[in-house]
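No lab work stands behind these numbers, since they all come straight from the coordinates. Being a predicted model, the structure only gives us computed values, none of them experimental.
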Amino acid sequence: MKNEVNTIWIDLNEELYKFILGKIKDEQTSKDIHQEVFLKVQTKIHQLKHTSKLTSWVYQVTRNTIYDHFRKLNTKNISIDNLDIPEDENDNFDYSKLSNCINQKIENLSSQHREAIILTTFKSYTQKELAQHLKISYSGTKSRVQKAREILKEEIINCPNVASDTTGKLLDFEK
């Protein structure tokens, strides 16, 4: 397993750091989280059952570590009205090429669906945390998030600069 950890470090080191930095937006904190991820990988790699899923497992550990970071910040009392959804393609690479279309589509969602998308996607709320925040059942929250994602996906696929296959999978987009 030690060989696998060295291989992970060589193969994913830079890519994971860029992934973390893209989510955290602070260089020093990103470095700390990056180091914490590799410590977790080293100490928990024995839990990995299928080595063929190594990369996805490492990314899941990374996402969970990022979520933990945001939970520690205790920023749960932020109003969604004050959230800065990037409008300029340089602000956020995650949807830089579709930013105008996506922002418009998010704004067009009902207030319930917009809140579900913003809090779970941009503020890293879990669905359980969202249920507590909204004071509704967990199953109701799951349904709301799923419906909001469905609506948003359909709306994005209908953007004129988006190409998708028959299953709705995004294939390409133009700037």
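In a fully extended conformation the segment linking Lys153 and Ser111 would gain 13.5 nm over its present Cα-Cα distance, using 0.36 nm per residue. Per-residue extension of 0.36 nm, minus the Cα-Cα distance of Lys123 and Thr43, leaves a gain of 26.0 nm for this segment. For the range 137-151, putting each phi into the Karplus relation 6.51 cos²θ - 1.76 cosθ + 1.60 with θ = phi - 60° gives couplings of 5, 4, 5, x, 5, 4, 4, 5, 5, 4, 5, 4, 5, 4, 4 Hz, in residue order, rounded to whole numbers and with x for Gly and Pro.
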